[in-house]
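No value in this document is a laboratory result; all are computed from the given coordinates. These numbers come from a predicted model, not from an experiment. Cβ placement follows ideal geometry from the backbone for every residue including glycine, while neighbour counts extend to all protein chains displayed.
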Amino acid sequence: MRRDTMTPDNRSPGPPVSVLVAGLGNLGGVILELLAREPGVGRLVAASRDEARGVARVNLARLGALAQGRAPDVTFAPLDITDAGGVGDLLRREAPDVVVVTASLETWWLPDLLPAEARAPLARAGFGAWLPVHLALPLAFMRAASAAGFRGHVLTAPFPDVVNCVLGRVGVAPACGVGNLDEIVPKVRHLAADRLGAPIDEIDVTLVAHHALERITFGATPPGELPPHFLRVARGGRDVTREVDAEALLRAPYPLAWGPVMHFLTAGSTVRLVGALASETPVRLHAPGPAGLPGGYPVLASRAGVTLAPIEGLTRDEAVAINERSHRFDGIARVEADGTTVLVDETAAVLRETLGYDGARVAPDEAALMARDLLARFREYAARHGVDVARARRMGA
């Protein structure tokens with residue numbers, strides 16, 4: 001019996017879970033659409049600052065679900081994540097079982113819209129260069145949720161491999177993140193099944209890996225040294241890692257449409273995790289940033305929460321160390337005990353030389369201010385290369 005596939009055979013569904021989606025950008029909108037069609041989801045609340053756009057997204061999700069034969073209880077609620085009192089009021093009023101925080105100060109894919117000559121220097125910096133942009137809003141939400149005494153499960157989407165690590169260091173870790181390494185696992189399963197000529201349901205993958213591995217796996221970063229990781233592939237309980245050359249499967253060509261359309265992959269992972277959180281018995285899957293840990297791991301998820309799944313031959317500390325060593329592949333030198341994140345020297349240098357931005361150290365309380373400065377300098381840089389960031393964001397988000 002497969003352990004990481006949600007089927008009636010390996011989970012015990014309880015009552016439907018109520019879900020709040022905080023943030024209705026492109027990713028939040030796709031997650032909303034899929035959740036509205038899920039039988040395990042009860043009340044569904046979508047929340048964002050833009051009420052007109054939010055109501056329209058809710059109406060679209062409702063009609064799409066009705067067209068598919070579902071009649072979801074889905075509503076809109078206005079929310080400014082930077083308003084701690086407003087966040088607390090909404091959480092107390094709706095009391096969701098699960099919150100999915102997708103809100104970020106900027107979409108992850110905008111640098112990819114730059115011309116190649118302008119994009120190349122920033123690509124060398126690594127994704128960690130944008131940490132303040134992705135940290136500010138999840139930090140504000142988690143602090144507000146903690147102050148409100150919220151006890152539901154919070155899942156975060158923005159850069160959880162590092163953001164959740166920072167949140168854990170300041171005492172407000174969410175249950176876990178979504179996507180990232182869980183988006184690599186289906187590729188490995190698919191290719192392993194093809195190589196063995198086996199049904200995909202017989203293939204089980206165990207992966208410990210950081211966000212940085214995904215960009216190499218799917219060709220968004222030029223081929224090079226793979227970040228540290230742990231990978232095992234089994235067929236029907238038998239280890240076939242060497243037989244399928246699992247390491248080669250990570251690098252094997254697997255062209256994907258890049259940019260906002262990738263959100264369907266992340267949303268699929270998110271919906272499966274939300275479904276697991278409705279289960280009375282633990283479901284094995286993969287998730288980044290569980291309990292404030294760096295990188296991603298196999299986890300067990302159920303109505304009781306998210307915990308690390310045991311890995312034969314690898315201790316918890318060894319798994320954490322793999323992902324701590326992987327930080328540098330995303331431009332992160334380390335996350336200190338107080339949550340301050342130190343960029344690797346090359347990343348800091350690229351930001352100074354390219355954008356005129358000095359952000360070698362990101363203190364949690366300074367993330368919002370640093371993000372505004374970083375984005376302002378990026379918009380100026382993009383404009384010099386003929387890209388209107390505001391227009392591009394409106395078109396894609």
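Here are the numbers for the structure shown:
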item: Trypsin sites (Lys or Arg not before Pro) restricted to DSSP loop in the stretch 75-164 with at most 10 other C-beta within 10 Å; result: Arg151
item: Alpha-carbon Debye profile of the stretch 62-115, log10 I(q)/I(0) at 0.28 Å⁻¹; result: -1.12
item: Table column - 3J(HN,Hα) (Hz), the stretch 77-86, Karplus curve with 6.51, -1.76, 1.60, x for Gly and Pro; result: 9, x, 7, 10, 4, 7, 9, 4, x, x
item: Debye intensity ratio I(q)/I(0), log10, the stretch 107-188, q values 0.17, 0.23, 0.26 Å⁻¹ (C-alpha model); result: -0.77, -1.08, -1.22
item: Computed over the chain, the ratio Rg/Rh where both radii use C-alpha atoms and Rh is Kirkwood; result: 0.95
item: Cleavage-rule hits (trypsin sites (Lys or Arg not before Pro)) in the stretch 233-263: DSSP loop, at most 15 neighbouring Cβ within 10 angstrom; result: Arg242
item: J(HN,Hα) series, the stretch 129-135, from Karplus relation 6.51 cos²θ - 1.76 cosθ + 1.60, nearest Hz, glycine and proline x; result: 4, 9, 3, x, 5, 8, 7
item: Mean Cβ neighbour count within 10 Å, used as a protection proxy, ranking 268-275, 64-71, 363-370 highest first; result: 268-275, 363-370, 64-71
item: Phi to ³J(HN,Hα) by Karplus 6.51 cos²θ - 1.76 cosθ + 1.60 over the stretch 195-202, Hz, x for Gly, Pro; result: 5, 8, x, 10, x, 5, 5, 8
item: Burial order of peptide ranges 192-198, 308-314 (average beta-carbon count within 10 Å, highest first); result: 192-198, 308-314
item: Hydrodynamic radius of the stretch 280-397 per Kirkwood, over alpha carbon pairs, in Å; result: 17.2 Å
item: Cα-based Rg and Dmax for the stretch 201-343, where Dmax is the largest Cα-Cα distance (Å); result: 15.8, 44
item: Residues whose placed amide H lies under 5 Å from that of His286, excluding near-sequence neighbours; result: Val299
item: Ellipsoid equivalent to the stretch 281-331 - semi-axes via the Cα gyration tensor, in Å; result: 21, 13, 8
item: Computed magnitude of the charge dipole of the stretch 195-349 (debye, nearest 20; Cβ of K, R +1, Cβ of D, E -1); result: 360 debye
item: GluC sites (Glu not before Pro) within the stretch 207-262, DSSP loop, no more than 11 other Cβ atoms inside 10 Å; result: Glu225
item: Antiparallel DSSP beta bridges within the chain, percent to nearest 5; result: 55 percent
item: D_trans [Stokes-Einstein, Kirkwood Rh over alpha-carbon pairs] for the stretch 36-86, 20 °C, 1.002 mPa s, µm² s⁻¹; result: 185 µm²/s
item: Positive-end extreme of charge dipole, the stretch 261-397 - chosen from Leu355, Ala276, Ala333 (charges on Cβ); result: Ala276
item: At q = 0.12, 0.16, 0.18 Å⁻¹, base-10 log of I(q)/I(0) for the stretch 138-280 (Debye sum, equal scatterers on each alpha carbon); result: -0.58, -0.94, -1.11
item: Alpha carbon Rg of the stretch 53-151, scaled by the compact-globule rule 2.2 N^0.38 Å; result: 1.42
item: Taking Ser326, Ser302 and counting other C-beta atoms within 10 Å, the order from fewest to most; result: Ser302, Ser326
